[in-house]
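One structure is given below, encoded as structure tokens.
The values are calculated or read from the model by the stated rules, or taken from the named source; none is laboratory data. Worth saying up front: this structure is predicted, and the values here are computed from it rather than measured. Because the Cβ atoms are built from the backbone with ideal geometry, glycine has one as well, and the counts that use them run over all protein chains shown. What goes into the accessible areas is simple: the full protein's heavy atoms, side chains included, and nothing from ligands, DNA or RNA. Shrake-Rupley method; radii C 1.70, N 1.55, O 1.52, S 1.80 Å.
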Amino acid sequence: MTYLEISFIDLPAFSGQGFASGKLNLGELEVVKISRFKFIWSSNLEDKKKGVTFYKPVGIPDGFYILGHYCQSNDQPLRGFVLVAREAPSKSEAADFSTRVTSPALREPLDYTLAWKSNDGSEGSLEGCGFFWLPQPPEGYKSVGYLVTSSKKPKLDKVRCVRADLTDRCEKYRVMHSEFSFRVWSTRPYHRGMLGGGVSVGTFSCISDSIPGLELPLSCLKNLDPSLHGMPNCDQIHALINHYGPTFFFHPDEIYLPSSVSWFFENGALLFRKGDLVGEPIDVGGSNLPSGGCNDGEFWIDLPSGDQRKTIKLGNLASAKLYLHVKPALGGTFTDIALWIFCPFNGPATLKVGIMNIALNKIGQHACDWEHVTLRICNFTGELWSIYFSQHSGGVWMNAYELEYIQGNKVIIYSSRNGHASFPHPGTYIQGSAKLGIGIRNDCASSNFYVDSSTHYELVAAEYLGDGIVAEPGWLQFMRKWGPTIVYDSRTELDKVVHVLPVMLQSLVKNIFDKLPVELYGEEGPTGPKEKNNWVGDERG
């Protein structure tokens, strides 16, 4: 087990495309990612692990302009970026509107507004002070970042504002610093996902409490190049998954292992229609599944009965593979590779209450289980940037440097026992109150049960490549439930658990139970990958 080693990928050449070329065309703008910085000011010089530090980009190519400065928390290694921009050497078709736009894509600000300063405004030495400046754009232009200085107002030629039609709405994302009268957030595009054109500039947003209700305006960039020339082609997708494809480890006590979808169909899975008591065998490729439509309850997939049901629940690790959906992220400046894994059965949960572990009989179990993780690849460099770990009704993004690796740059994914949620490290994760040690257990550990996605995968969708490039399997178009809906009184089972607890714990545990996801309180098969909101949209978190 090792940690990330940055290395170059041997990517197949693809003439005319910009993946991993260092520059991306957004229509009228060409942008470059800058990851080299020079220190400007820190909010906490005494303790280097607290507060945040502000930097300006350095090593900017000739002809490119700064759009804003960079901020990062001090408890993390310096690893981030800001984009710098210039007008594209040749305008793409995206710029050929019926009414031609003749004003330049970038212009200097008219002035700056002092958004905040770290001293109290008294005269005297300014040593160690930070000043935050919001560029005031000309009419028809937007600011996309702040500048930070240690003294006087910056010159107007230090930054550029962007023509409004080349920008998009951005939003505050994560709080990076909140102290006294000053708060700092990272930013991200408001319009994200496969169809979102918003491009993250890498800048930050800030606000001073001394100006009540005022949120200083910022925008992000927008990709107006319909060709998405920075996205990888088919050969490059395979090179990426061969290089970065994670290994999924299942718990050594896992009973309900994954399988391929075709193995599941071949070994007795049935298609049911509302009103029919007898299910129909499913073709190995799912060709007889109804396609399209919506999750209307008219059809569902279920396991066979009898001994065959017991066998198919256990899965078939030898046949298991990851199903890949590749799509643009953050306006095509990143590539998201969603890796979906299928398990024929999701086992019942285990409840932890302090030192007690209580195996639940039904709660959490259901036929069929679809889980996924998403690799986010930087289209400027081809570097693995982060991974999204899907965990029941939510999930979390983790930076590439925070993860465990095996065989070079292949991430280790730990799948929780019975529930198959994905986690970055081994251990026990509590769904409920981790602080009190009360909730549903998610146990993760390494074992001999694993699937290497770099060799066991199938590319099932990449819409941006165009029609006919990737043949989507028939089962992917099934929009109904993979598993029946069975309602039972799970609350009675939980109440029995509560009644054996000390009186002082009963109300606390009941309150935690009330906050658990509703999917724990009945058997309901999930919809397939294409029906999930993250198929087109961005991941939650």
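Could you count how many residues in segment 168-200 are part of a strand (DSSP E or B) and small (G, A, S)?
Selection size over segment 168-200: 3.
Please state which of the following conditions F37 fails to meet, knowing it meets all the rest: (1) surrounded by fewer than 16 Cβ atoms within 10 Å (Cβ to Cβ); (2) modelled with pLDDT of 95 or more.
With respect to (1) surrounded by fewer than 16 Cβ atoms within 10 Å (Cβ to Cβ); (2) modelled with pLDDT of 95 or more, F37 is out only on (1).
Answer with yes or no whether R183 is at pLDDT below 95 and within 17 Å of the chain's Cα centre (by Cα). Full working, then the answer.
Values: at pLDDT below 95: yes; within 17 Å of the chain's Cα centre (by Cα): no.
When the stated conditions are applied, R183 does not pass them.
Within the bounds of segment 324-344, is there any residue that is over 28 Å from the mean Cα position of the chain (by Cα) and free of Cβ contacts under 8 Å to residues at least 60 places away in the same chain?
Taking every residue of segment 324-344 in turn, none turns out to be over 28 Å from the mean Cα position of the chain (by Cα) and free of Cβ contacts under 8 Å to residues at least 60 places away in the same chain.
Which residue, of N448, N418, is over 15 Å from the mean Cα position of the chain (by Cα), modelled with pLDDT of 95 or more and either assigned to a helix (DSSP H, G or I) or over 20 Å from F334 (Cβ atoms) (or both)? Talk me through it step by step, then tell me what you get.
Values: N418 fails: modelled with pLDDT of 95 or more.
Criteria check complete, one pass: N448.
Would you check which residues across segment 343-359 are under 14 Å from N442 (Cα atoms) and either assigned to a strand (DSSP E or B) or open to solvent by 10 Å² or more (accessible area, probe 1.4 Å) (or both) and list them?
N346, P348, A349, T350, L351, K352, V353, N357, I358, A359 - these are the residues of segment 343-359 that are under 14 Å from N442 (Cα atoms) and either assigned to a strand (DSSP E or B) or open to solvent by 10 Å² or more (accessible area, probe 1.4 Å) (or both).
Within segment 72-84, is there a residue that is modelled with pLDDT of 95 or more, farther than 30 Å from F248 by Cβ and in contact with a Phe, Trp or Tyr (Cβ under 6 Å, 6 or more places away or on another chain)?
Among the residues of segment 72-84, at least one is modelled with pLDDT of 95 or more, farther than 30 Å from F248 by Cβ and in contact with a Phe, Trp or Tyr (Cβ under 6 Å, 6 or more places away or on another chain), which makes the answer yes.
Using the structure shown, decide if W340 is in contact with a strand residue (DSSP E or B) (Cβ under 9 Å, 6 or more places away or on another chain), in a strand (DSSP E or B) and open to solvent by less than 30 Å² (accessible area, probe 1.4 Å).
yes
Would you pick out the residues in segment 390-405 that are of a type outside the set (S, T, N, Q), in contact (Cβ under 8 Å) with a residue 40 or more places away in the chain and under 22 Å from S446 (Cβ atoms)?
H392, G395, V396, A400, Y401, L403, E404, Y405
Answer yes if at least one residue in segment 304-320 is part of a strand (DSSP E or B) and either open to solvent by less than 10 Å² (accessible area, probe 1.4 Å) or not polar (S, T, N, Q) (or both), and no otherwise.
So far as segment 304-320 goes, no, none of its residues is part of a strand (DSSP E or B) and either open to solvent by less than 10 Å² (accessible area, probe 1.4 Å) or not polar (S, T, N, Q) (or both).
Only one residue in M194, M231 is open to solvent by 20 Å² or more (accessible area, probe 1.4 Å) and under 30 Å from I406 (Cβ atoms), so which one is that?
Values: M231 fails: open to solvent by 20 Å² or more (accessible area, probe 1.4 Å).
None of the others qualify; the one that does is M194.
For S178, are the conditions met, namely being closer than 16 Å to V31 by Cβ and open to solvent by 60 Å² or more (accessible area, probe 1.4 Å)?
Criteria not met by S178.
When both residues are 6+ apart or on different chains and their Cβ atoms are under 6 Å apart, which pairs have a first residue that lies in segment 452-463 and is within 17 Å of P232 (Cα to Cα) and open to solvent by 10 Å² or more (accessible area, probe 1.4 Å), and a second that is of a type in the set (S, T, Y) and assigned to a strand (DSSP E or B)?
E458/Y323
Please go through segment 137-175 and give me each residue that is over 18 Å from L110 (Cβ atoms), touching a residue at least 24 places away in the same chain (Cβ under 8 Å), among the charged types (D, E, K, R) and exposed (fewer than 15 other Cβ atoms within 10 Å of the Cβ), ordered by number.
Passing the criteria: only R169.
Can you name the condition, by its number, that A359 falls short on among (1) more than 23 Å from H243 (Cβ to Cβ); (2) at pLDDT 95 or above?
Failing condition for A359: (2).
Sort out which residues of segment 431-445 are outside any loop (DSSP other than H, G, I, E, B) and modelled with pLDDT of 90 or more, and write them in order of number.
Across segment 431-445, the qualifying residues are R441, N442, D443, C444.
Within segment 361-389, can you find the residues that are buried (at least 18 other Cβ atoms within 10 Å of the Cβ), touching a residue at least 60 places away in the same chain (Cβ under 8 Å) and closer than 30 Å to T485 by Cα?
Passing the criteria: I363, G364, Q365, H366, A367, C368, D369, W370, H372, V373, T374, Y388.
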